[in-house]
Amino acid sequence: MVQIVPSILAADFARLAEQIENVERGGATMLHLDVMDGHFVPNFTIGPPVVESIRKVTRARLDVHLMIEDPDYYAPIFIQAGADQVSVHQEVCRNLDRTLRMIRNEGALAGVVINPATPVAALEEVLDVADYVLIMSVNPGFGGQHFLPRSLEKVRQLDRERQQRRLQLPIEIDGGITLENLPDVVRAGCDWIVTGSSLFHTPDPAAAFSQMRQTAQEATAVRV
Ligand code: DX5
Ligand code: ZN
């Protein structure tokens, strides 16, 4: 089932619990948490203490996206803090296979992320060690950027590949998702659709969530 996954990066951090409650009221069951270290990407966001606090105020699955230089050291710390699933960038992992196995061993789902400049082919050897793949549809680091249309072809390619190899592998997409491009993203084969600004930069995030979910469901019915 296609899921809309709110990214709290666009939320008001001073009212985080309230904003999370808003999207949960709209029906959200998974939350996307962006972790940035000022090295892999030119921005900072949250660390383990914030994940721990979020864990206490929600029952939603916590989907932690590590945009950091040293995921091997930090992934277990974020899992300890309450992450249900952790994704790491292909671009920073020297031993990607080992990192994904380590995340699974620590008790979380292991996701692998590729940047816009990284081809789907770079994942060929790890598709059966990953629990999901995240395709970045903007360059990571900031919310509110424009969707890069070439990402759709990457999603289609990965969708074909998982079908050929009979893999149960959710495809997640992150960056620049709007009500307008959502149907294309669903039809290309995405299962988890991360969205920040389109929810939290509206007067009513709960209503925006329901509307996006409705649009995604309608598009699923005509998936090609
Ligand atoms: C960008 C982050 C995204 C971001 C998406 O580096 O990984 O999760 O929050 O935000 P929007 O939906 O505003 O593009
Ligand atoms: Zn993200």
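The values are calculated or read from the model by the stated rules, or taken from the named source; none is laboratory data. Keep in mind that what you see is a predicted model, and the values were worked out from it rather than measured. A quick note on method: Cβ atoms are made from the backbone with ideal geometry, for glycine too, and the neighbour counts reach across all protein chains shown. Note: accessible area is taken over every heavy atom of the protein model, side chains too, but ligands, DNA and RNA are not part of it. Shrake-Rupley method; radii C 1.70, N 1.55, O 1.52, S 1.80 Å.
Going by the structure shown, is VAL186 open to solvent by less than 10 Å² (accessible area, probe 1.4 Å), in contact (Cβ under 8 Å) with a residue 60 or more places away in the chain, part of a helix (DSSP H, G or I) and over 28 Å from PHE13 (Cα atoms)?
Details: open to solvent by less than 10 Å² (accessible area, probe 1.4 Å): yes; in contact (Cβ under 8 Å) with a residue 60 or more places away in the chain: yes; part of a helix (DSSP H, G or I): yes; over 28 Å from PHE13 (Cα atoms): yes.
Yes: the conditions hold for VAL186.
Between residues in the range 37-51 that are more than 14 Å from LEU16 (Cα to Cα) and part of a loop (DSSP other than H, G, I, E, B) and residues that are open to solvent by less than 30 Å² (accessible area, probe 1.4 Å) and within 14 Å of ligand 2 (Cβ to nearest atom), which pairs lie under 6 Å by C-beta distance while being six or more apart or on different chains?
Within 6 Å, the pairs are PHE40/MET67; PHE40/ILE68; VAL41/MET67; VAL41/PRO140; VAL41/GLY141; PRO42/GLY141; ASN43/MET36; ASN43/GLY141.
Can you find even one residue in the range 114-129 that is modelled with pLDDT of 95 or more, open to solvent by 10 Å² or more (accessible area, probe 1.4 Å) and within 19 Å of ASP34 (Cα to Cα)?
Yes.
So, in the range 31-60, how many residues would count as being away from ligand 1 (no atom under 15 Å from the Cβ) and out of contact with any Leu (no Cβ under 7 Å at 6 or more places or on another chain)?
Going through the range 31-60 one residue at a time, the tally reaches 8.
Conditions: (1) under 29 Å from GLY38 (Cα atoms); (2) open to solvent by less than 50 Å² (accessible area, probe 1.4 Å). PHE142 meets all but one. Number of the miss?
The number of the failed condition is (2).
Looking only at the range 83-97, filter to residues that are aliphatic (A, V, I, L, M) and without any contact (Cβ under 8 Å) to a residue 40 or more places away in the chain; which one of those is farthest from ligand 2 (Cβ to nearest atom)?
It comes out as LEU96.
What is the residue count in the range 193-210 for residues that are more than 15 Å from HIS146 (Cβ to Cβ) and part of a helix (DSSP H, G or I)?
The number of residues fulfilling the criteria is 8.
I want to confirm something. Restricting to the range 25-36 and keeping residues that are out of contact with any Lys or Arg (no Cβ under 6 Å at 6 or more places or on another chain) and crowded, with 17+ Cβ neighbours inside 10 Å, which single residue is farthest from ASP72 (Cα to Cα)?
Taking the candidates together, the pick is GLY26.
Within the range 52-71, can you find the residues that are in a strand (DSSP E or B) and not hydrophobic (A, V, I, L, M, F, W, C)?
ARG61, ASP63, HIS65 - these are the residues of the range 52-71 that are in a strand (DSSP E or B) and not hydrophobic (A, V, I, L, M, F, W, C).
Does GLN80 qualify as being closer than 19 Å to ILE171 by Cβ, in contact (Cβ under 8 Å) with a residue 12 or more places away in the chain and polar (S, T, N, Q)?
The answer is no for GLN80.
Can you say whether GLY175 is open to solvent by less than 50 Å² (accessible area, probe 1.4 Å), within 16 Å of ligand 2 (Cβ to nearest atom) and out of contact with any His (no Cβ under 8 Å at 6 or more places or on another chain), as far as the supplied structure shows?
yes
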